[in-house]
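Bear in mind that the values in this text are calculations on the coordinates, not laboratory data. Quick caveat: nothing in here was measured; it's all calculated off a predicted structure. Here the Cβ positions follow ideal geometry from the backbone for every residue, glycine too, while neighbour counts run over all protein chains shown.
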Amino acid sequence: MANPKILRRTRSILGKTLIVIVLLLGAALFLFPFLWMVSTSLKTPQEIIAIPPVWIPEKPQWQNYAVALSYFPFVRYLFNTLYLVSMNMLGTVLSSALVGYAFARLRWPGRDIWFKVLLATMMLPATVTMVPQFILFKNFGWLNTYLPLIVPAFAGSATNIFLLRQFFRTIPGSLSECARLDGAGELRIFWQIILPLCKPALATVAIFSFMFTWNDFMGPLLYINDKMRYTLSYGLRTFQIQSDSKWHLTMAASVVVALPSLALFFSCQRYFIEGITLTGLKE
């Protein structure tokens, strides 16, 4: 008869091995489109339409990247995108942190009711508010400017407010009480005590804001008409139309546009994972 300890250890090893295999298969499944995009960006037009498919190009065409970026004002679009990203990250982090702090640490009449109203707005699809927002910004005279893409970020985001509110609630209230006894006001407590303890959560919100703004296509499509104001995502789409199905060039441009997002995520993934893990669902 087999030793029970050996059986438990064997089951544990088999279970962990199975989990690793499943994770590797999932990683391969999600990595495949990106690897195919990189491979296609280095192919010749003949290799793209070859049957059976060519997985690895015989002679990588590195010049595809230079040719692709010369088709449209890449540097200008990059500058426009970085400007929008920086402003949105600043507005989203600042406004969401302030509102989240008010919901988590301050007591005021109707706080819980308004928080439920805030959560209810998360159920509204963006398409529902798209037309009213467009009419509002048109009446403001903001069309063909960056204001419709920047100002909403300074009004907070329901998802980010909820995320930061949950994180703020994990910080002991005794820290704020001690600061109040020393004469600190709420803004000083928020700025000098609470925010330095919330770097993982703030980094998570900043990453979310960066990813959304960097990849945003619908916003520039609705509000921007001047080609010199295009962002990279919008410019990439116009390039795809103008390049007349030159897929090797389209994929090369797509790789360049996708690299900053990947670099940011992998460089900040520790803060991102820590922020998501520590946020919790405390009530």
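Here are some notes:
- Qualifying chymotrypsin sites (Phe, Trp or Tyr not before Pro) in region 135-244, where qualification requires a DSSP coil assignment and no more than 14 other C-beta atoms within 10 Å, comprise Phe217.
- Between Ser12, Ser233, Leu264, the Cα set farthest toward the positive side of the dipole of the chain (charges on each charged residue's Cβ, about the Cα centre) is that of Ser12.
- Number of Lys pairs (Cα under 27 Å; 8 or more positions apart or on different chains) in the chain: 9
- Placing unit charges on the Cβ atoms of the charged side chains and taking the dipole of region 1-66 about its Cα centre, the candidate lying farthest along the positive direction among Leu35, Ile51, Val22 is Val22.
- √(5λ) per eigenvalue of the Cα gyration tensor, region 181-247, largest first, Å: 43, 13, 7
- Over the chain, dividing the summed -39,500 (n - 2.57) contributions of all DSSP H runs of at least 4 residues by the number of residues returns a 222 nm mean residue ellipticity of -23000 deg cm²/dmol.
- Base-10 log of normalised Debye intensity for region 1-97 (one unit scatterer per alpha-carbon) at q = 0.12, 0.13, 0.20, 0.22 Å⁻¹: -0.77, -0.81, -1.02, -1.07
- Average 1/r across all pairs of distinct alpha carbons in the chain, invert it, and you get the Kirkwood radius: 22.6 Å.
- Each of the peptides 20-31, 47-58 was scored by the mean count of other Cβ atoms within 10 Å over its residues; in descending order, highest first, they stand as 47-58, 20-31.
- Cut-off of 10 Å, at most 13 other beta carbons, DSSP loop: longest stretch of the chain lacking such trypsin sites (Lys or Arg not before Pro): 108-281
- The distance separating the Cα centre of region 107-126 from that of region 1-49 comes to 41 Å.
- With Cα atoms defining each centre, region 149-170 and region 172-215 are spaced 12 Å apart in the structure.
- Across region 100-106, rounded Karplus estimates of 3J(HN,Hα) from the backbone phi angles (6.51 cos²θ - 1.76 cosθ + 1.60, θ = phi - 60°) give x, 5, 5, 6, 8, 10, 9 Hz, Gly and Pro being marked x.
- Once backbone amide H atoms are built at 1.01 Å from N, Asp216 has no partners under 5 Å, excluding neighbours fewer than 5 places away on the same chain.
- Phi angles across region 172-179 convert, under the Karplus curve 6.51 cos²θ - 1.76 cosθ + 1.60 with θ = phi - 60°, into 3J(HN,Hα) values of x, x, 5, 5, 5, 4, 4, 5 Hz, Gly and Pro given as x.
- For region 71-79, putting each phi into the Karplus relation 6.51 cos²θ - 1.76 cosθ + 1.60 with θ = phi - 60° gives couplings of 6, 9, x, 4, 4, 5, 5, 5, 4 Hz, in residue order, rounded to whole numbers and with x for Gly and Pro.
- Taking amide H as placed 1.01 Å from N in the peptide plane, the amide H of Thr231 sits under 5 Å from none that are at least 5 places away or on another chain.
- Under-5 Å amide H pairs with Lys43, H placed in peptide plane, nonlocal only: Gln61
- Charge dipole magnitude, Cβ of K and R +1, D and E -1 - region 142-256, Cα centre, debye nearest 20: 100
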